[in-house]
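Right, one structure below, let's go through it.
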Amino acid sequence: MKNWLKLLSGSLKLLCVFGVLTATVPVFAEEAAAEAAPAEAAPAAPEIDEDLAALQATHGPAFDFFTVSNLWILIAAGLVFIMHLGFATLESGLCQSKNTVNILYKNVFIICMGVFTYALWGFNAMYPGEFNGWLAAGSPIGTYEGDDLTFAYGGTGLAMTAFTDFIFQAMFAATAATIVSGAVAERIKLSSFMIIATLLVAFAYPITGSWKWGEGWLDAMGFYDFAGSSLVHGFGGFAALAGVLVLGPRAGKYVGGKVKPILGHSMPLATIGVFLLFLGWFGFNGGSVLSADPGLVSLVFVTTAIAACAGGLASMFVSWALIKKPDLSMALNGILAGLVGITAGADSVSVWSAALIGALAGLIVVFSILWFDKVKIDDPVGAISVHGVCGIWGTLAVGIFSPSEDITFTTQLIGTLSICAFAFIVSYVLFFLVKATLGIRVSAEEENEGLDIGEHGNEAYPDFGTAHK
Amino acid sequence: MKNWLKLLSGSLKLLCVFGVLTATVPVFAEEAAAEAAPAEAAPAAPEIDEDLAALQATHGPAFDFFTVSNLWILIAAGLVFIMHLGFATLESGLCQSKNTVNILYKNVFIICMGVFTYALWGFNAMYPGEFNGWLAAGSPIGTYEGDDLTFAYGGTGLAMTAFTDFIFQAMFAATAATIVSGAVAERIKLSSFMIIATLLVAFAYPITGSWKWGEGWLDAMGFYDFAGSSLVHGFGGFAALAGVLVLGPRAGKYVGGKVKPILGHSMPLATIGVFLLFLGWFGFNGGSVLSADPGLVSLVFVTTAIAACAGGLASMFVSWALIKKPDLSMALNGILAGLVGITAGADSVSVWSAALIGALAGLIVVFSILWFDKVKIDDPVGAISVHGVCGIWGTLAVGIFSPSEDITFTTQLIGTLSICAFAFIVSYVLFFLVKATLGIRVSAEEENEGLDIGEHGNEAYPDFGTAHK
Amino acid sequence: MKNWLKLLSGSLKLLCVFGVLTATVPVFAEEAAAEAAPAEAAPAAPEIDEDLAALQATHGPAFDFFTVSNLWILIAAGLVFIMHLGFATLESGLCQSKNTVNILYKNVFIICMGVFTYALWGFNAMYPGEFNGWLAAGSPIGTYEGDDLTFAYGGTGLAMTAFTDFIFQAMFAATAATIVSGAVAERIKLSSFMIIATLLVAFAYPITGSWKWGEGWLDAMGFYDFAGSSLVHGFGGFAALAGVLVLGPRAGKYVGGKVKPILGHSMPLATIGVFLLFLGWFGFNGGSVLSADPGLVSLVFVTTAIAACAGGLASMFVSWALIKKPDLSMALNGILAGLVGITAGADSVSVWSAALIGALAGLIVVFSILWFDKVKIDDPVGAISVHGVCGIWGTLAVGIFSPSEDITFTTQLIGTLSICAFAFIVSYVLFFLVKATLGIRVSAEEENEGLDIGEHGNEAYPDFGTAHK
C-alpha cells in the first residue's frame, strides 16, 4: 500500500515538472502524466518555484547560463570591493604611521560615498541607455522589477540582472577617488578631500565612462578599453596628478635640490594591499566579460595573472639593476603596473602578448616613479605612475597587440588622451577652486605632527608610545 | 541553399544531444547512433559521468540551477568564514596590544569549536526537520548519501546538498560567540570564556535558531528574520550584554565618575576587520537566499551594500557633529550597524528603504555607544550596540518597511524580544555560574600587565620591546 | 520562407528541451514539437550569441554544468592565489621584524616567478597528456583556441577550459617554494634562494607531479593523492628540510645545549595568515574536484573544514597539556596540520574520518615541532612539521580511512616516500651546489642586523625607530 502511495506521489511530482514544461502545450499534460508513472526509477524531483520554472521553460539552458553569469558578476563585485581594502592597506602602509588613521578614514569614506552617490546619480549618468551627451546627466536607480531581474535585462551579452549591473559598476566607480587618495596623502585637508572625491566620483567619472561604456562618441569611434585602463585607472591617475600639482610636495621631501625619501611605515600592510588588489583584479577584469562565458573569462584570468607576474618580475630586475638593491615597493608597484597595463586588453590579446604588455608596464613604472621624483612631483604611493602612466600604456597596447583590425593605435591614442586630459582638467579646476575657497592643505604644524592627531585627535598605534614619531 | 545546410547541420547537432540523452533508452540509442554518425562535423561531446547524466536527464535545466546554487552557498560559506578573521582583527585592533594574543586565541578557538560542536549537536538541534520543542535536542550530522547529495535534498527552494546546508550554517553558528568575545575582552579568564562560548554556540544558539529557522513557534507566528538580525546578531549582542554586566568594566575605564577612553592599539587591524566583515556579509545575506536565484541574490547584494554605506555615512556625519572630530572607529561601527540592520530584511525591502534602515542604524549606533559608556557598561568594541541594539532595530525595520502584509510590527517585536531575552537570561545564568565556581575575571595584576603575558606567556609584538606598554 | 525556417528551427530547439525531459517518454517528442509553435505567448527570449547558442544546442544542460564548473575552478584559483598572501603574512608574522621585508620580497617573487615559469615549462611538463618519463620535459603553454575553450577540453570530468586548467595548477605550483621560504627564513641569501626556488618550482615540482597527476607510474600503481598532501605539501616540506640541513640553525637559537626561542614579531600577521590559508584551502581542495559536482564539492568543503577545526582543537589541548600554556602559534599550526592532513583524501573519507585525521595531524604537529627543536633542526615557522610530516600522515591516512579497496596502505606508503625522498634529494643537491658556489647564507653581521637592512637597505617598520631591535 505504502509503495502505491509513494508511486502516486512521485507521479504527481513528475506531473508537476511536466506541467511546467508543457504549460504552453496543454494537450500533453494529461498524456504525459499517464506515461510518466513508469519513470519512477528516476529520483523524485521536488517541486520547482513556479516563476523559476516558467523562466526555465522559456529559456532552457540559457536560463542557467544567465544564473551562473549573474552569480559570477556578483562575486566579481565582491572581489572589486575587496580592492578598496587593498588600496586602504597599500596607501597606509606606504605612508607614515602618523597619517594612518587619516588614510584609512578617507578610504572608508570613499567606498561608502562612492556606492551611495553612484546609486543616486552616477549609474544612470554613465549607462544612460542612450548616450546623453558629453556631460552625462543621471538620476537615482530604480527599484528594479520584472524584466530587470530576468534574462530579458541583458541576454547572454550582459548576462545579469539590473541590480547586479549596478553593484558591479558601483564598486568600480569608487576606485577613481581611491587612486587620488594615495597620491595626495599626508598633506591634504580631510574635508576638502571629501568634497573633491565626491564630485569626482559622482559627476566627473560617469562622464568619461559614458563616452565609451555608455555607448558615447569614443565607443562610436571604435575606441577599446575592456575593463578600464583609461576609463578607471587613467582617469584616477591624472586626477591624482592634478591634485598633487595643486597641493605641492610634502614638507621635507625635496630639500636643497635633493630627494629625501619619506619611508612607508609598514611593509606588511603595503604587501597585503597589493595581494588583495591582485586578487580583486580577477573580478575587475574577469567580471568585465559581463557573463560567465567559459572561454573568455578563463582567458582573462590568465592574461591578467601573467601580466601581473611579468610586471612584478620586470620591475624587480630593472629596479635591482638601477638602484642596486632588491626593492620591495618597486616589486609591488610592478605587479600593479602589469595589472593596470593589461586591463584595457585582457580579453583580446594572447597570453604572450599579455606577458609583454605586463613586463613593459613593470619597466615603465620604475622609470616613471624615478622621473616624477626628479621633477619634484611628490606622489607618496606612486599612483600617478601606476595608474596614470601605465593606464595610457595599457590602452595603447591594445592598439599594438590586439589581432583585431577594428582597434587602431590612433583611436586608442585619441581615446586615452581625451579621458586623461578630461580627468586632469576637471580635477585641476576642482582642486584649484577648493584651494581658493576652503583651503586644500593642512598647516605646516599639523603636517609635521601628523594628520591623525591634527584631523582626528587619534593615533593609529597609541600603544606604541611616541617611539614611532 | 545555405539555409538548407544550416538547417541540416542544426538537426544533426540536435540529434547529437539526443544521442547523449537517450543512452539510457536503448531502443533509441541505436537509431540515434545510426543517425548521429554523420554529425561528426560538430565537436565531439566527451562522455558524461553516468550519474551526472542521469540527473540531467531527469531534471533538465533545474539540475544546473541546483549545481550553481549549491556552489554559491559553498562560496557564501567561505565568505562567512572570513568574517571570523574580520572579527579577530577588528576586536584585536580595538583593544590594547597587551591583550592581542588572547583575543586572537579566543577567535581561533571559537571557529574550531563552533564548526565542530555544530557538527556534533547544533545542526540537527537547529534544523530538526520537525520542530522538536522549545529546548532543541541535537545529534551528530550523518555521513550524507544518496538523495542528500542531489536536487532531491532541497529542490529549488533550498538548492544545495546536505553537506552544503551544514557548512553554511556552521559558519553562522560560531558568530554568536565571536560577538561576545569582543565585548568581554581585556579582562575575562580564558578558560572560563572557552567554556561559556562552547555552551552558547553548541546549545543556546540552536534553540532560538530552531524557533524560527527550525520551523518553530516564531516561524508559525509569522515572524520574519531573513539572515539573522535577531537570531544571530541580537543573540550575540545580548549574550555580550549579560557577560559585561557580570564581569564589570575594565580597570581604569570609569574613574571618579569620568569615562577614560582606553584606545585600540591598531587602527589598520580594525579597518581590515570591518572591510572583511563587509565582504563576508555578501555571503551572510546573499547566501541566505539559499539558492542562486538571480533576482533575489542581486537584490540582497544591493540592499546589503547600500545599507552598509548609508550606515557608514550617517555615523560619520553624526559622530563628527557630536564629537567635533571625524572618528574612524565610529565610521567603522556605522558600517557594521548598517549591515546588522539590513540583515533581517535584505530580501524584502526596496533599495531606498535599505538606505534608510542603514542610515538609522548608523545613527542609533553612535548614540547607543555613547549611552552605554555613560551608564558604565564597558564594551571595548561596541558589540552590544552594533549587534544587540541594531539587531533589534533591523528586525523591527522589516515590520515597518516590508511591503508584505504578512509581516507585522507586533510579531517582529515579539520575536526579537523573545530571542534577545532568551540570549540574555541564559548567558547571564551561565556567566554567573562560572563566576561563582571557576571565576570569570583575571586578577588585577594580570589585567594591568596584559592577558598575553598572564594567560599565554607570550607577547603579540615582542620585537617592539616594552615601548608599547 | 524565412519565417518557416525560423519556425522550424525554433521547433527543433524546443524539441531539444523536450528531448531532455521526455527521454523516458519518447512517444511525445514529435507531437511536442508540433504543438510548441503557439508557445509564442511566453516572455520573449532575447537573442542568444550564436556561438553560445550552438554550444548549448550541442551539449544541453551539460554545457551549463561546464560553465559553472569552469567558473568554480577559476574562483578556486583565486582562493589558492590568496594562500600566497597567507604564507607571506604567516611567515613574516612568525619571524623577527628585522627580516620582514626580506620574507615579503621572497613571497612576492615566488608568486610572480611561479606562475610565469609554470606557463613557460611546468604545466606541460606536469600534464604532458601522455606520461613522458620520470624526468618530465615541458614547453610553453599554447594560445589556446577552439576545443581548448569548450566542453570538448575535459568533458564533465575535467570540466574547464585549458586556460582554467593552467591557471588553477599554476597557483598550486608556486606553493612548493613558498613552503621552503618559511623554513629557511632569517638567514638565507636572497639571490641564492631565488635561484633555488625557481629551479624547484619550474623543474622539480612538475616531475613528481607528473608521476601521479600526469598519469605517471604512481598513478598506474594506484597511488591516491587527491589535492596534494604529498605532491604539494610533502614535496615542499621535505625540500624545506633539505634547505634547513644545509643552512644550519639561526645564530643564537641553540646555545650551550639549550633551545632559545626566537619569537615571531607579530601574532596578528601570523593569525591573518592562517585564516587566509584556511579560506584558500576551500579552493585548494574544493577546486581539485575539477568540476562543480554538487555532492563531491560539498563533501570536500566539509571534510576540509572539520579536519582543520579538529586539528586546531587537538593541538590547542595537547600543547596546553604539554607546555602548560595556551599557545597561539601551536593552535595556528594545528589548523594547518589538519588541512595538510585531509588534503590527500578530502573527497574519499567520511566526515568523522576527516575529524580523526585532522585531530591526529594536530597531535602529530605538536610533537614534531618539539622534536625538530630537540634535534636542533631550526625551522622558524614549523613548515617541515606542518607540510612534510603531516603531508606523509595525510597520504597514509587515505590508505587507512578510505572505504575504497583500490587504495592500499602500502601503495600510499610507497607513493609518499618516493615523492618526499625525491624532493629531499633534489633540494639537498641544489642547496649544496649553491652553497658551494654562490654561498647560501648571509654573514653573521647581516644576520644579526637583519636581512631587511642587509639585503634591501630598507626596514619594514621605519617609523617605529630602533625600539624594535
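The values are calculated or read from the model by the stated rules, or taken from the named source; none is laboratory data. Quick caveat: nothing in here was measured; it's all calculated off a predicted structure. Note: ideal-geometry Cβ built from the backbone for every residue, glycine included; neighbour counts use all protein chains shown.
Quick notes on this structure:
- Here C:ALA152 meets each of (1) hydrophobic (A, V, I, L, M, F, W, C); (2) crowded, with 21+ Cβ neighbours inside 10 Å; (3) over 25 Å from C:LEU433 (Cα atoms) with one exception, condition (2).
- Only a single criterion out of (1) under 14 Å from the mean Cα position of the chain (by Cα); (2) on the phi > 0 side of the Ramachandran plot is not satisfied by A:ILE179, namely (2).
- Count of the stretch C:105-121 residues which are more than 8 Å from every other protein chain (Cβ to nearest Cβ) and of a type in the set (A, V, I, L, M): 2
- Count of residues meeting criterion [hydrophobic (A, V, I, L, M, F, W, C) and either outside any helix (DSSP H, G or I) or within 7 Å of chain A (Cβ to nearest Cβ) (or both)] in the stretch C:85-104: 5
- Among (1) within 25 Å of C:LEU158 (Cβ to Cβ); (2) in contact (Cβ under 8 Å) with a residue 40 or more places away in the chain; (3) of a type outside the set (Ser, Thr, Tyr), the one test that C:PHE301 misses: (2)
- Hits in the stretch C:317-366 - residues which are of a type outside the set (A, V, I, L, M), farther than 12 Å from C:ALA305 by Cα and touching a residue at least 12 places away in the same chain (Cβ under 8 Å): C:SER319, C:SER329, C:ASN333, C:GLY334, C:GLY345, C:ASP347, C:SER348, C:SER350, C:SER353, C:GLY362
- Selected residue (only one of C:LEU247, C:LEU190 is away from every other protein chain (no Cβ under 14 Å), under 26 Å from C:SER443 (Cα atoms) and surrounded by fewer than 24 Cβ atoms within 10 Å (Cβ to Cβ)): C:LEU247
- For the stretch C:157-171, residues that are within 11 Å of chain B (Cβ to nearest Cβ) and surrounded by 23 or more Cβ atoms within 10 Å (Cβ to Cβ) total 1.
- Filter result for B:GLU145 (more than 7 Å from every other protein chain (Cβ to nearest Cβ) and farther than 22 Å from C:SER348 by Cα): no
- Residue within the stretch B:257-270 that is more than 13 Å from every other protein chain (Cβ to nearest Cβ) and among the small types (Gly, Ala, Ser) present: yes
- Of the criteria (1) more than 15 Å from A:LEU241 (Cα to Cα); (2) touching a residue at least 24 places away in the same chain (Cβ under 8 Å); (3) of a type in the set (S, T, N, Q), which one A:SER427 fails: (1)
- Some residue of the stretch A:127-140 being acidic (Asp, Glu), in a helix (DSSP H, G or I) and touching a residue at least 12 places away in the same chain (Cβ under 8 Å): no
- When restricted to residues that are crowded, with 24+ Cβ neighbours inside 10 Å and either facing chain C (nearest Cβ under 8 Å) or of a type in the set (Val, Ile, Thr) (or both), the stretch A:314-325 contains 1.
- Residues satisfying the stated conditions in the stretch A:441-469, i.e. in contact with a Lys or Arg (Cβ under 6 Å, 6 or more places away or on another chain) and of a type in the set (Val, Ile, Thr): A:VAL442
- Filtering C:ILE82, C:ILE75, C:ILE48 for residues that are at pLDDT below 65 and at the interface with chain A (Cβ under 7 Å from one of its Cβ atoms) leaves a single hit, C:ILE48.
- The condition of being at pLDDT below 95 and in contact with an Asp or Glu (Cβ under 8 Å, 6 or more places away or on another chain) holds for B:LEU158.
- If only residues of the stretch B:330-352 that are within 9 Å of chain A (Cβ to nearest Cβ) and surrounded by fewer than 24 Cβ atoms within 10 Å (Cβ to Cβ) are counted, the one that is nearest to B:TYR224 (Cα to Cα) is B:SER350.
- Hits in the stretch A:285-299 (condition: more than 9 Å from chain C (Cβ to nearest Cβ), over 17 Å from A:LEU336 (Cβ atoms) and either charged (D, E, K, R) or part of a helix (DSSP H, G or I) (or both)): A:GLY287, A:SER288, A:VAL289
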